[in-house]
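This report refers to the structure that appears directly beneath it.
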Amino acid sequence: MMTSPAIHIFSRDDILAHLPQLADILHSCVTGGASVSFMLPYSLEQASAFWRGVAESVGRGERTLLVSTNAEGQLTGTVQLITDQPDNQPHRADVAKLLVHQNARRCGDAGRLMQALENVARDQGKTVLVLDTTTGSGAEIFYQRAGWQKVGEIPRYALMPDGEMAATSVFYKFL
């Protein structure tokens, strides 16, 4: 039976129950060249270990994981809202790891995930969101089109999965 694409908030147990699919999404992104903190070679086992850590963080209430599914109910993307902030920043959250499987790109998942994330952030009383992404990437263009304000660039910020040095662009959005 076909359903509509949807966004879900995953609990710790949901993450653990969907570990292979989540690992596949992350593995697809890293092996596809996305600069999301990991280096090549990158295994499904490493991706699973990452998601187990996210599950524990979600369980502690430090972050919210949103997941997109396609019309067949398969997981296609993720994004995280990190709400564990210092005492003087209760109004702020970080956005991390907007990931869309290479086979699901250009279907609107990123936009749906970010809109849902902003709604969750508002519901949690957050008024400022921040993120960074690789300068010159498709993600940078996506965030600008989605109304995010670019603050600036930091040269030589991180390594791409293949080891090449890359700059990052820092963004914010007021809700």
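For region 150-164, how many residues are open to solvent by 30 Å² or more (accessible area, probe 1.4 Å), assigned to a strand (DSSP E or B) and either in contact (Cβ under 8 Å) with a residue 12 or more places away in the chain or under 11 Å from residue 134 (Cβ atoms) (or both)? So that I can check it myself, show each step before the final result.
Going through region 150-164, the residues open to solvent by 30 Å² or more (accessible area, probe 1.4 Å) turn out to be 150-151, 153-160, 162-164.
Checking which are assigned to a strand (DSSP E or B) leaves us with 150-151, 153-159.
Now narrow it down to the ones that are either in contact (Cβ under 8 Å) with a residue 12 or more places away in the chain or under 11 Å from residue 134 (Cβ atoms) (or both): 150-151, 153-155, 157-159.
Result for region 150-164: 8.
If you go through region 103-115 one residue at a time, do you hit one that is open to solvent by 20 Å² or more (accessible area, probe 1.4 Å) and over 22 Å from residue 22 (Cα atoms)?
no
Identify the single condition in (1) at pLDDT 95 or above; (2) crowded, with 22+ Cβ neighbours inside 10 Å; (3) not aromatic (Phe, Trp, Tyr) that residue 28 does not satisfy, given that it satisfies every other one.
Failed condition: (2).
Take the residues in region 60-80 that are within 17 Å of residue 27 (Cα to Cα) and without any contact (Cβ under 8 Å) to a residue 40 or more places away in the chain; name whichever of them is surrounded by the fewest Cβ atoms within 10 Å (Cβ to Cβ).
80
Any residue at all in region 142-149 that's open to solvent by 40 Å² or more (accessible area, probe 1.4 Å) and within 23 Å of residue 39 (Cα to Cα)?
Checked against the condition, which is being open to solvent by 40 Å² or more (accessible area, probe 1.4 Å) and within 23 Å of residue 39 (Cα to Cα), region 142-149 yields no hits at all.
If we keep just the residues of region 116-138 that are outside any strand (DSSP E or B) and hydroxyl-bearing (Ser, Thr, Tyr), which is most open to solvent (accessible area, probe 1.4 Å)?
Step by step, filter region 116-138, then rank; the result is 127.
Quick check on my filter: what residues within region 86-142 are over 17 Å from residue 153 (Cα atoms), out of contact with any helix residue (DSSP H, G or I) (no Cβ under 8 Å at 6 or more places or on another chain) and of a type in the set (A, V, I, L, M)?
Scanning region 86-142 gives 96, 104, 113, 114, 116, 117, 120, 121, 128.
Report every pair of residues separated by at least 6 positions or lying on different chains whose Cβ atoms are under 7 Å apart, first residue within region 81-102 and under 16 Å from residue 58 (Cβ atoms), second assigned to a helix (DSSP H, G or I).
Once the first residue is under 16 Å from residue 58 (Cβ atoms) and sits in region 81-102, its partners that are assigned to a helix (DSSP H, G or I) give 81/117; 81/120; 81/121; 93/121; 95/117; 99/25; 99/26; 99/29.
The values are calculated or read from the model by the stated rules, or taken from the named source; none is laboratory data. These numbers come from a predicted model, not from an experiment. With ideal geometry, Cβ positions are generated from the backbone for all residues, glycine too; neighbour counts draw on all protein chains shown. Accessible surface areas use protein heavy atoms only, side chains included; no ligands, DNA or RNA. Shrake-Rupley method; radii C 1.70, N 1.55, O 1.52, S 1.80 Å.
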